[in-house]
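Comments concern the structure below.
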Amino acid sequence: MHYLLSNYQALHIHGSDAVKFLQGQLTCDVQKLAINASTLAANCDAKGKVHSIFQLYKASDESLFTLMPQESLASTLAHLQKYAIFSSVAFTPATGVLLGTLNGEPMAQSTATFDFLNGIRVFFFNQENAPTVDATENATEWQIALLKNGIPQLTEATQDQFLPQALNLQEIGDCVSFTKGCYIGQEGVARAKYRGANKRAMFVFCAETECTEISGLQLLQQLDSGERPTGTVLMAIIHDRKLWIQAVLNEESPTESTIFANLNGTKLPLKLHPLPYA
């Protein structure tokens, strides 16, 4: 099964300073990333809070591609461009076709291949090289696969709120390097690792529901003194009568007997979904 990811956008970052520039911007070690390889990456604000998360593919030392939701492109581009004034680097939204798959199936002649986890892959094709394949435009299953595999999904409302460790990014491949040297926000990220400044983590929950729309979703924690709102929901999807939630909470708070979802006025008990990384 292939998914036509029309709500995602590839961005071409190119120029003689492309790798050097991104090395000073992103949490991953761009210099050590192999040619024709990809990794999850994040760019942070000066305090180390994550502004955006995307896949980074290295075609050469002067040509790299990122993959991100379309709604993140404008703010990510503006965030990078303000630091690029004195670098020989350019940013070009890449027009073409993005095809996602969940089984790791390879596709020939793609311009860029973005590898996530457990067979989740995205192939970017220039318009003239796009293959003719059966692809569904309903990418809900693909989006749920990202959610279930613990790949954090930020929106405009949740940008610049969380350290990478609160989003589990240090657990996902080579997304966060603690040895690469300085980049924007590096001091805050290092402080969270070496001084225990971060007390939060991302979790995935699920619940059975007859609701078909998400409205007024809120997480609740049951305490001896009653219940109180807790956590920040990053993404929520209803599919096949099941509610999936990706949320950031205090590391000690989520147990199945104490965390609930208030969905459209209905209190739902939540089950913790195990993540594929530590």
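The table below lists the values:
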| item | result |
| --- | --- |
| Over the chain: helical MRE at 222 nm, DSSP H runs n ≥ 4 each giving -39500 (n - 2.57), nearest 500 | -3500 deg cm²/dmol |
| ³J(HN,Hα) computed for each position of region 20-28 - Karplus, 6.51 cos²θ - 1.76 cosθ + 1.60, integer Hz, glycine/proline x | 4, 5, 5, 4, x, 10, 9, 6, 7 |
| Heavy-atom accessible area order for R195, R228, R121, largest first, 1.4 Å probe | R195, R228, R121 |
| Residue with peak Gaussian network fluctuation, the chain [Cα springs, cutoff 10 Å], from S215, S16, S87 | S215 |
| Surface per residue (accessible, 1.4 Å probe) for the chain, Å² | 47 |
| Pairwise FRET efficiency - I214 versus E137, Cβ, R0 = 22 Å, nearest 0.05 | 0.60 |
| Solvent exposure, largest accessible area first (probe 1.4 Å, DNA, RNA and ligands not counted), of F86, F91 | F86, F91 |
| Accessible-area value, I13, 1.4 Å probe, nucleic acids and ligands omitted, Å² | 0 |
| Which listed pairs, of K20/K180; K32/K193; K47/K148; K199/K242; K49/K193, have C-alpha distances above 19 Å, in listed order | K32/K193; K47/K148; K199/K242 |
| Qualifying aspartates and glutamates (Cα of each under 17 Å from Cα of K58; at least 8 residues distant if same chain) | D17, D29, D115, D174 |
| Sequence-distant residues sharing a close amide H with C44 (under 5 Å, placed H) | H51 |
| Cα gyration tensor shape of the chain, rounded if a/c is under 1.5, else prolate or oblate by comparing a/b with b/c | oblate |
| Phi to ³J(HN,Hα) by Karplus 6.51 cos²θ - 1.76 cosθ + 1.60 over region 83-89, Hz, x for Gly, Pro | 9, 9, 4, 9, 10, 7, 8 |
| Extension gain (nm, one decimal) between S87 and Y277, 0.36 nm per residue minus Cα-Cα | 64.8 nm |
| 12 Å cut-off, amide nitrogen to a point 7 angstrom out along N36 Cα→Cβ, residues in region 54-69 | 59-60 |
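The values are calculated or read from the model by the stated rules, or taken from the named source; none is laboratory data. Bear in mind the structure is a predicted one, so any value in this text is a computation, not a measurement. A quick note on method: Cβ atoms are made from the backbone with ideal geometry, for glycine too, and the neighbour counts reach across all protein chains shown. Only protein heavy atoms, including side chains, enter the accessible area calculation; ligands, DNA and RNA are left aside. Shrake-Rupley method; radii C 1.70, N 1.55, O 1.52, S 1.80 Å.
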